[in-house]
Amino acid sequence: MIKPFFMDTKTLLDQISSECELSKNEAASLLETLVDTVASRCAEMDTVTLPGFGSFEPKKRMERVMVMPGTGRRMLMPPKLVLSFKPSAVLKQKLREQ
């Protein structure tokens with residue numbers, strides 16, 4: 001059985017800095033800029049596509065009525081914004097080859 005590996009921020013920054021030959025501060029700045037850019041564009045309901053990786057698409061969920069399973073009580077869930085990710089064909093192919 002394959003043991004799952006969870007990459008934390010420090011490990012990701014180490015990987016970026018070594019592969020791009022950047023200092024850790026430059027790698028951290030690069031990653032922070034990328035995350036801020038994606039977040040701000042998605043907040044404006046724009047789809048962000050990263051070639052070879054995938055696309056982030058914001059979607060609005062409409063308000064809905066939810067029924068509590070144990071009590072049968074109905075609750076109105078407010079509308080909210082959710083972010084979906086769709087991997088690119090290139091990323092899917094790379095994962096299949098692993």
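Read the figures in this text as sums done on the coordinates, not as results from a lab. Just so you know, these numbers come straight off a predicted model, no measurement behind them. No Cβ is skipped: glycine too gets one built from the backbone with ideal geometry, and neighbour counts run over all protein chains shown.
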Subset of segment 54-98 (residues that are free of Cβ contacts under 8 Å to residues at least 12 places away in the same chain and more than 22 Å from the chain's Cα centre (by Cα)): Met66, Val67, Met68, Pro69, Gly70, Thr71, Gly72, Arg73, Arg74, Met75, Glu97
Does at least one position in segment 30-53 carry a residue that is under 14 Å from the mean Cα position of the chain (by Cα), at positive phi and in contact (Cβ under 8 Å) with a residue 24 or more places away in the chain? no
